[in-house]
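Notes for the one structure printed next.
The values are calculated or read from the model by the stated rules, or taken from the named source; none is laboratory data. What you are looking at is a predicted structure, and each value in this text was computed from that prediction instead of being measured. Virtual Cβ from ideal backbone geometry, glycine too; neighbours counted across all protein chains shown.
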Amino acid sequence: MDTTFLLNSVWVMVSAVLVILMIGGFILLETGSTRMKNAGHIAGKTILTFGISSIVFWAVGYGLIFGAGNVLIGLSDFFYSGYEVEGLGLSGAVFFLFQTAFAGISITIAFGGFAERAKMSVYLVFAVLFSILVYPPIAHWIWGGGWLAEHGKQDFAGSTVVHLTGAMAALAATILLKPRIGKYNKDGSANNLYGHNQVYTALSVLLLWVGWFGFNAGSTVAVDGGFFGFVAVNTNLAAAAGTIAAMIISWIVIGKADVSMMLNGALAGLVAITASCAFVDTWASVVIGFIAGILVFYSIRFFEARKIDDPIYALSVHGAAGVWGTLSTGFFATPELASVGQPGLFYGGGFEQLGVQALGVVVCGAFAFIVSFVLLAIMKSFMGGLRVTEEEEIMGLDMSEHGVYGYPELLESEKPAIKTTGTFGTDGKSIKV
Amino acid sequence: MAIYKSYTQIRSFRDQKISQAWSHSALLNDFHDELMKQTIALAIRTVEDRLGPPRSPYCFFLMGSAGRLEQGIWSDQDHGIIYDSTEPEAQEYFLALGKEFVEGLAEVGYKVCDGNVMASNPLWCKSTEGWNKQVSNWLLDSSWESIRHFLTFFDARCFYGKDYLTSLKNSFFPLLHRSCMLTRIIENTMHIKKGVGVLGQFLLETHGPFTGCINLKDTAFFPYVNAARVLAIRNNSVKTSTVERLQQLTDIDNRERFITQFIKLQDYRLSYGLHSDYEAGHYVKINQMSKQQQKDLKIIIKDGIQLLNHVKEIVAKDDSSWA
């Protein structure tokens, strides 16, 4: 058998595993950034929704994206059975698994906006609907030979397809779910509902950072010329620059070296370079990551001031940085590297590519937001609301949705306080449950 | 002077009259002293009715902002007792008196101290001999906690009874002038919350009920108070108010400027503080101040840091001259 075919298959298989491990990164990110009374629930539902997404992707998602159809949607190859795909250059099953992982990441990002207040049933239903009606159309438009691919839209590994799409669904959810209890005061000022484990959050960023080498470098789906190494270098540089930028900007503006902001900066750098990692020079990766780190800082403040409670900062990390990353190729794509589309503005390509990128962002963002919003609004009326009751939210979703705490030894002893009194803790202040 | 029969009466007196004392920091502190005097007098009568007259002469002293005569509208309790007796029953009596002070002052509107720095706590209610031993131990121990205790104690002002404080404080200056002691003390007070950022902007609260406010206590008062205290220790001065401490000093440049800035700072807190309760009293809503006042406050904050750094240098120089 052809060596290149085998090597391609092995490399993409390794990448698929790395991307699936990113789900572990999201588990740590989301639980670390939220309170311990919801930890078991958040960790568990993330695995469950990846399961749902995998089944739906196998049944219909893959076909809707990569099947033969029209410029809007694919309509063949449902219930993929492991066959080879002509002209692919690697194992069809490996490619399928790699794409399954991407779809799983997108829904996981979307669920960041649901954290600490959505009902378990909402996760189940929306995981199915998103995996059929939101993600596949956009993925088809850009990666499956759809209408944006025809325009030469550059989105190498999915700043738009995976991240912006997930973030727009998260935005729809945060608007419909409304802020968590205690997030805002009567005068409109916001409270910090601190996550319970900053070490988890930091580890999550490392896990995601490493996983991103599969996400971006794996998206070469080939080993030709070792180009994946260049993509990985760009990815690493952007993450590094994002980390430093977010730390610097938070130190300058709020006077504190904010750890959580620094971690968000790393992720924003990664999200931003996702679209452009194969199209830009290494120095541009540093610039793209650095700008993403600053952007995420202001974006988080922007959403918080507008009373949009986004517990994991999905809107800023994946949304704002996703938009910037997609637009960035319109500035920085070089003539040598622009294997898709045109060079960017800074390389004599004029505004053409930037226009295509902007069009992609607007259309995909609007589509993901509107469809998610409509789906969730319909679910809200049919499912008796999207949100758990006030009592359940205060009790914590570990207990209300699953009947057991993620940290039973720690939280069991505080349970009686919940049942017997309206306020919690002897001092009348809320205790961390 | 009216004789009050209950703490509630004193509280109503406070509520009626405090607005008249609002205009000026010195006036306000006189008013606080008057209120506390009435409260203490009532507490003493209550305890004497119950337990008889005190077993010995004693001194009731105030610490914290009350000790320094720098209280805002709301203030918390920081106080202690020195009694001149070695009998074990004496402590029992004065602890009971301390407890009555705490309850009375709380009813009148002085928040109970979170750190339990109060005369009802045996740590802060001791005989002259006990205090001698305790303060020496604090200074010999020189741990972070014992230095904090000492610094709290050093702001003590005799409020009622016989002044045992001055001689007690004076007796400790030799211990304080041991090599590197002042450096150790100032290092314990260098951590100041930043109030102005590197771009010259205010660093305001970004979350919680005081969003958009600046915490004047942490960002602006602490540098002045801590610097003046260390200078007072260095100069063997037992004065407690920050302004008086600064006034006595001849070896710092811009002395008058620092004094003016600190007085202005107190006035800003009084005029623009939130004042709804003790905690809120530390916060100022910046957008209620005029542009000029904001500029002024930024300079006050920066000057405080400059003063503190200056004192650190003076102390370091002393240390190197010993070495």
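With the condition being at pLDDT 90 or above, in contact with a strand residue (DSSP E or B) (Cβ under 8 Å, 6 or more places away or on another chain) and closer than 30 Å to A:Val125 by Cβ, I'd like the helices (runs of 4 or more DSSP H) fully within the stretch A:328-433 carrying at least 1 qualifying residues.
It comes to A:390-395.
Evaluate the stretch B:138-149: report whether one residue or more is of a type in the set (Ser, Thr, Tyr) and farther than 19 Å from B:Glu187 by Cβ.
No; the residues of the stretch B:138-149 include none that is of a type in the set (Ser, Thr, Tyr) and farther than 19 Å from B:Glu187 by Cβ.
If I ask for residues that are in contact (Cβ under 8 Å) with a residue 12 or more places away in the chain, under 30 Å from B:Thr39 (Cα atoms) and either surrounded by 14 or more Cβ atoms within 10 Å (Cβ to Cβ) or of a type in the set (Ser, Thr, Tyr) (or both), which ones from the stretch B:164-210 would you list?
Once the filter is applied, which keeps residues that are in contact (Cβ under 8 Å) with a residue 12 or more places away in the chain, under 30 Å from B:Thr39 (Cα atoms) and either surrounded by 14 or more Cβ atoms within 10 Å (Cβ to Cβ) or of a type in the set (Ser, Thr, Tyr) (or both), the stretch B:164-210 yields B:Tyr164, B:Leu165, B:Thr166, B:Leu168, B:Lys169.
State the number of residues belonging to the stretch B:137-173 that are in contact with a Leu (Cβ under 7 Å, 6 or more places away or on another chain) and assigned to a helix (DSSP H, G or I).
Total meeting the criteria: 2.
Can you go through B:Gly212, B:Gly197 and tell me which one is over 22 Å from the mean Cα position of the chain (by Cα), at negative phi, within 14 Å of chain A (Cβ to nearest Cβ) and among the small types (Gly, Ala, Ser)?
When all the criteria are applied, what remains is B:Gly197.
Collect the residues in the stretch A:304-318 that are part of a helix (DSSP H, G or I) and surrounded by 20 or more Cβ atoms within 10 Å (Cβ to Cβ), keeping them in residue-number order.
A:Glu304, A:Ala314, A:Leu315, A:Ser316, A:Val317, A:His318
Just the residues that are over 12 Å from B:Glu107 (Cα atoms) and more than 25 Å from the chain's Cα centre (by Cα), please, taken from the stretch B:1-49.
B:Met1, B:Ala2, B:Ile3, B:Tyr4, B:Lys5, B:Gln16, B:Arg45, B:Thr46, B:Val47, B:Glu48, B:Asp49 - these are the residues of the stretch B:1-49 that are over 12 Å from B:Glu107 (Cα atoms) and more than 25 Å from the chain's Cα centre (by Cα).
Would it be correct to say that B:Ala21 is touching a Leu at 6+ places or on another chain (Cβ under 7 Å) and crowded, with 19+ Cβ neighbours inside 10 Å?
yes
Here is a list: A:Gly152, A:Gly144. Which entry is more than 14 Å from every other protein chain (Cβ to nearest Cβ), in contact (Cβ under 8 Å) with a residue 40 or more places away in the chain and over 22 Å from the mean Cα position of the chain (by Cα)?
A:Gly152
Quick one: which helices (runs of 4 or more DSSP H) lie wholly within the stretch B:181-269 and hold at least 2 residues that are at pLDDT 90 or above and under 22 Å from B:Gln293 (Cβ atoms)?
So the answer is B:222-234, B:242-247.
Kindly establish whether B:Arg234 is away from chain A (no Cβ under 14 Å) and over 16 Å from the mean Cα position of the chain (by Cα).
yes
Identify, please: which residue in the stretch B:270-302 is at pLDDT below 95 and of a type in the set (Asp, Glu) and is, among those, surrounded by the most Cβ atoms within 10 Å (Cβ to Cβ)?
That would be B:Glu279.
Sort out which residues of the stretch A:135-164 are β-branched (Val, Ile, Thr) and surrounded by fewer than 22 Cβ atoms within 10 Å (Cβ to Cβ), and write them in order of number.
none
Return the residues of the stretch A:103-121 that are in a helix (DSSP H, G or I), surrounded by 24 or more Cβ atoms within 10 Å (Cβ to Cβ) and not hydroxyl-bearing (Ser, Thr, Tyr); say none if nothing qualifies.
Selection gives A:Ala103, A:Gly104, A:Ile105, A:Ile107, A:Ile109, A:Ala110, A:Phe111, A:Gly112.
Has the stretch A:226-236 got any residue that is buried (at least 22 other Cβ atoms within 10 Å of the Cβ), closer than 20 Å to B:Gly197 by Cα and away from chain B (no Cβ under 14 Å)?
Checked against the condition, which is being buried (at least 22 other Cβ atoms within 10 Å of the Cβ), closer than 20 Å to B:Gly197 by Cα and away from chain B (no Cβ under 14 Å), the stretch A:226-236 yields no hits at all.
Sort out which residues of the stretch B:50-71 are among the small types (Gly, Ala, Ser), over 30 Å from B:Tyr278 (Cα atoms) and without any contact (Cβ under 8 Å) to a residue 24 or more places away in the chain, and write them in order of number.
B:Gly52
From the list A:Ala167, A:Ala190, exactly one residue is more than 10 Å from chain B (Cβ to nearest Cβ) and either buried (at least 23 other Cβ atoms within 10 Å of the Cβ) or over 15 Å from the mean Cα position of the chain (by Cα) (or both). Which is it?
None of the others qualify; the one that does is A:Ala167.
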